[in-house]
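Working notes for the structure below.
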Amino acid sequence: RGTPIRFNRARQKIYIYDYQRRWNPWVRWPTTIKVFDWADIHGEMTREVDRYDQGYRLYGAVCYPGTNQVRERFVLSYTVGDPAMLHGRWSHCCQYMQGKEVPPYPLVTERPKTWALWDTVRWSEEIDKESRTAPGEQER
């Protein structure tokens, strides 16, 4: 199950729906919503090599303001075999947040099977409104 993330270009913030994994997948996992300034986020790509997970993974590293000292990480994209695909995803995120033109077509054309699990994601009303609007803008 991936981590749902919202990018708000107007506020220059990202909203991460973080859940604490438990051993039992059939019970509700505790969740917290974390909000970070985009300026403090750096992309990191790692190569995963183990028995069940091989390939490249993209992380967002949250750094202390004005430094490269990481205080927290979150997964932006789970393991894929092609690092160029992850470079493209990170570039897409950066260009979107900078207000630059992004490709009008989706980076991934098929619907991942894990999306069905995201129907259970419930953003709090306050965060839902903030993550969808610009400062001073009324709810759409």
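Each reported figure results from applying straightforward, stated rules to the coordinates on display, with no laboratory input. Small disclaimer: the values here were computed from a predicted structure and weren't measured. Ideal geometry is used to build each Cβ from the backbone, glycine not excepted, and the neighbour counts take in all protein chains shown.
Using the Cβ-Cβ distance between Asp50 and Ser91 with R0 = 30 Å, the FRET efficiency computed as 1/(1 + (r/R0)^6) comes to roughly 0.65.
For Thr67 and Glu101 in one chain, what is 0.36 nm times their gap in residues minus the Cα-Cα distance, to one decimal in nm?
Values: separation 34, 0.36 × 34 = 12.24 nm, distance 2.80 nm.
Residue separation times 0.36 nm, minus the Cα-Cα distance, leaves 9.4 nm.
Between Trp23 and Asp128, residue separation times 0.36 nm minus the direct Cα-Cα distance comes to 34.9 nm.
Among Asp50, Asp18, Asp37, the residue with the largest mean-square fluctuation in a Gaussian network model of the chain, with springs joining Cα atoms closer than 10 Å, is Asp50. The alpha carbon radius of gyration of the chain, expressed as a multiple of 2.2 N^0.38 Å, is 1.11. Estimated from helical segments only, the mean residue ellipticity of the chain at 222 nm is -5000 deg cm²/dmol, where each DSSP H run of four or more residues counts as -39500 (n - 2.57).
The overall shape of region 1-67 is oblate: from the C-alpha gyration tensor, with semi-axes ordered a ≥ b ≥ c, the ratio a/c is 1.5 or greater and a/b is no larger than b/c.
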